[in-house]
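Here's the structure we're looking at; comments come further down.
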2 protein chains.
Amino acid sequence: MQPRSMPFLPVPDNRCSMYFHALIPFKPINSKSRLSCVLDQTEREAFACMMLEDVIEAVLKSKCAATILSTHPFEHETALVAVRTEPLNEAINWALAQCHSPVLIIMSDIPLVTGDALQRLIGTEKDMAIVPGRGGGTNAIFLKKPRRFRADFYGASFLDHMRIAEECGFSVEVVDSFRISTDVDEKEDLVEVLLHGRGRSREYLERLGFSLSIEKGRVGVKRNAHE
Amino acid sequence: MQPRSMPFLPVPDNRCSMYFHALIPFKPINSKSRLSCVLDQTEREAFACMMLEDVIEAVLKSKCAATILSTHPFEHETALVAVRTEPLNEAINWALAQCHSPVLIIMSDIPLVTGDALQRLIGTEKDMAIVPGRGGGTNAIFLKKPRRFRADFYGASFLDHMRIAEECGFSVEVVDSFRISTDVDEKEDLVEVLLHGRGRSREYLERLGFSLSIEKGRVGVKRNAHE
């Protein structure tokens with residue numbers, strides 16, 4: 001039986017040349033509730049997995065070891081999984097406390113992310129690089145000294161993380177990326193996936209019958225009822 | 001009396017070292033109607049001018065000559081003004097036809113834009129660089145051969161512009177910028193100005209009494225009724 005949580009972060013295989021962890025918090029059960037208007041629970045959970053796959057693909061291209069911090073038991077072929085039942089910030093801070101090399105914290109619902117976009121974060125010359133999400137959130141943080149930092153997601157977390165960085169004495173680069181800033185929570189966000197996605201999330205939406213719809217000059221999405 | 005339109009694009013001063021035009025379409029009258037819920041007409045027009053100022057500042061930092069394509073008579077200290085009464089695409093295409101050097105087409109409602117962000121466009125090695133707006137639009141296009149291109153704004157203009165570039169045989173770079181992708185049309189967009197703005201648009205909103213408000217973990221804006 002799979003444990004409900006783990007006392008230590010999984011350790012990447014010694015043979016791999018990856019030198020730091022990407023921490024990806026993930027909720028596999030009843031995820032993405034604000035998409036209930038267009039996707040049922042099974043579809044929402046599958047879509048959340050597709051977005052996670054797109055994020056993991058970008059992470060692996062960046063030579064990070066992907067570690068999923070999952071709220072529930074979850075298995076993955078290429079990523080390590082730590083099942084953590086505590087709230088999001090506590091789960092991330094539990095992981096940060098164990099990290100002795102640079103760490104990328106990245107959300108699982110930013111399917112437009114690419115290896116090139118991540119390269120701009122992890123190539124920073126500052127102590128920390130951060131990408132805000134739309135609406136005051138934080139979609140990715142790269143930390144060279146992760147044990148000194150603490151995560152404070154929810155609310156205006158971008159401002160909170162900037163304040164915490166200052167308290168830590170970190171120099172900070174704010175990376176200007178539409179691809180990383182775009183998190184997918186609501187029906188309108190599916191437009192961005194259909195327009196700019198290149199991976200599995202877009203494929204999955206198209207398989208479900210989603211396409212762009214243009215009405216009165218505004219771009220939205222529609223779902224073909226027959227599929 | 002100022003003419004209602006001009007047969008030729010204004011020519012930058014010979015003494016300046018700027019070697020190409022930035023075309024900035026602008027509507028000074030009854031602009032930004034989707035902000036009517038929080039700003040009256042005078043305030044919306046003033047806010048549109050502040051956003052234009054932020055865009056012009058970024059443009060001038062990039063060594064472009066800023067040319068405003070204004071729907072109505074308008075005066076500006078540092079930018080050239082061409083009053084054009086035809087619709088947006090026709091006005092831009094009128095200007096493109098006269099351009100013999102590279103051109104930047106940039107929207108006037110993207111106040112987060114910075115000189116650094118523009119540098120990533122105008123430094124492209126491709127024939128054209130483009131930045132999508134959220135929701136399928138286009139917020140900036142840099143063209144090395146402007147006379148061969150034609151603008152097609154409104155609707156899913158990002159896809160239209162990519163298609164037109166292909167018809168022109170242009171190589172294209174899509175530049176990944178949150179700052180340029182963020183156009184300000186609705187109340188929710190003011191959050192981004194208050195959080196990430198560094199110029200006059202943010203100052204103006206703060207002077208009107210706007211500040212961030214956080215309710216149930218979501219970040220919005222509120223306006224102080226006493227100011």
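Would you mind telling me the share, in percent, of accessible area of the protein assembly as shown contributed by carbon and sulfur at probe 1.4 angstrom?
Taking all protein chains in place, the protein assembly as shown shows 50 percent carbon and sulfur surface.
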Contact order normalised by residue count of chain A, Cα under 8 Å, 6+ apart, percent: 20 percent
Under the Karplus curve 6.51 cos²θ - 1.76 cosθ + 1.60, θ = phi - 60°, whole-Hz ³J(HN,Hα) for segment B:23-35, x wherever Gly or Pro sits: 8, 10, x, 8, 10, x, 9, 6, 7, 6, 5, 6, 9
Threshold 20 Å² - residues in segment A:111-148 whose accessible area is reduced by that much or more when the chain is no longer isolated, probe 1.4 Å: A:R120, A:P132, A:R134, A:G135, A:G136
Helix-only CD estimate at 222 nm, as mean residue ellipticity for the protein assembly as shown, using -39500 (n - 2.57) per DSSP H run (n ≥ 4): -9000 deg cm²/dmol
Other-copy label distances relative to A:G123, 7 angstrom Cα-Cβ extension, nm: 1.0
Label point 7 Å beyond Cα along the C-beta direction, distances from A:Q41 to other copies (nm, shortest first): 5.3
Solvent-accessible area of A:L159 with every protein chain in place, 1.4 Å probe, in Å² to the nearest 10: 70 Å²
Dipole magnitude of segment B:105-188 about its Cα centre (Cβ charges: Lys, Arg +1; Asp, Glu -1), debye to nearest 20: 340 debye
Heavy-atom SASA rank of B:H21, B:H100 (probe 1.4 Å, accessible area, largest first): B:H100, B:H21
Residues in segment A:160-199 that, when all protein chains are in place, have 30 Å² or more less accessible area than the chain alone would give (probe 1.4 Å): A:D176, A:F178, A:E192, A:L195, A:H196
Degrees separating the helix A:41-61 axis from the principal Cα axis of chain A, which is the longest one: 50 degrees
Solvent-accessible area per residue for segment A:81-146 (1.4 angstrom probe, square angstrom): 30 Å²
Rotational relation A to B, axis-closest Cβ in chain A, residue and distance rounded to whole Å: A:F178, 2
Backbone HN-Hα couplings from phi across segment B:131-139 [Karplus 6.51/-1.76/1.60, Hz, Gly and Pro as x]: 10, x, x, 5, x, x, x, 10, 9
B:C37 accessible area, assembled protein chains, probe 1.4 Å, Å²: 100 Å²
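Let me check against my output: what whole-number percent is the relative contact order of segment B:97-227, with C-alpha pairs under 8 Å and at least 6 apart?
So the answer I get is 25 percent.
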Estimated distance in nm for a label pair at A:E206 and B:A225, the labels positioned 7 Å out from Cα along Cα-to-Cβ: 5.2 nm
Anchor B:K63: aspartates and glutamates whose Cα lies under 16 Å away (excluding residues fewer than 8 positions away in-chain): B:D13, B:E53, B:D54, B:D116
Antiparallel DSSP beta bridges within segment A:1-159, percent to nearest 5: 40 percent
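In square angstrom and rounded to 100, what buried accessible area do you get between chains A and B, total over both, with the probe at 1.4 Å?
Using a 1.4 Å probe, the pair buries roughly 2300 Å².
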Options B:L52, B:V219, B:I122, ranked by Cα towards positive dipole end of the protein assembly as shown, top entry (Cβ charges): B:I122
Reachable aspartates and glutamates from B:K145, criterion Cα separation under 15 angstrom, eight or more residues apart if same chain: B:E125, B:D127, B:E166, B:E167, B:E173
Under 16 Å from the A:D116 label point (7 Å along Cα→beta-carbon), backbone N, segment A:170-193: A:176-181
5 angstrom amide H check on B:M107, placed H, neighbours 5+ away: none
Other-copy label distances relative to B:G209, 7 angstrom Cα-Cβ extension, nm: 5.0
Candidate lysines - alpha carbon under 22 Å from A:K222, same-chain residues fewer than 8 apart omitted: A:K32, A:K187
Amide H within-cut-off set for B:F20, under 5 Å, with H built and near neighbours excluded: B:A65
Residues with amide H under 5 Å from that of B:V83, placed H, sequence gap 5 or more: B:M6, B:S70
Charge dipole magnitude, Cβ of K and R +1, D and E -1 - the protein assembly as shown, Cα centre, debye nearest 20: 380 debye
Cα-centred dipole magnitude for segment B:1-145, charges only on beta-carbon of K, R (+1) and D, E (-1), debye, nearest 20: 400 debye
Calculated over chain B: convex hull of Cα atoms, volume per residue (Å³): 129 Å³
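The values are calculated or read from the model by the stated rules, or taken from the named source; none is laboratory data. Note that the coordinates shown come from a computational prediction; the quantities given were computed from them, not determined experimentally. Cβ: placed from backbone, ideal geometry, glycine included. Neighbour counts: every protein chain shown. For the accessible areas, the whole protein counts, side chains as well, though only heavy atoms, and no ligand, DNA or RNA atoms are used. Shrake-Rupley method; radii C 1.70, N 1.55, O 1.52, S 1.80 Å.
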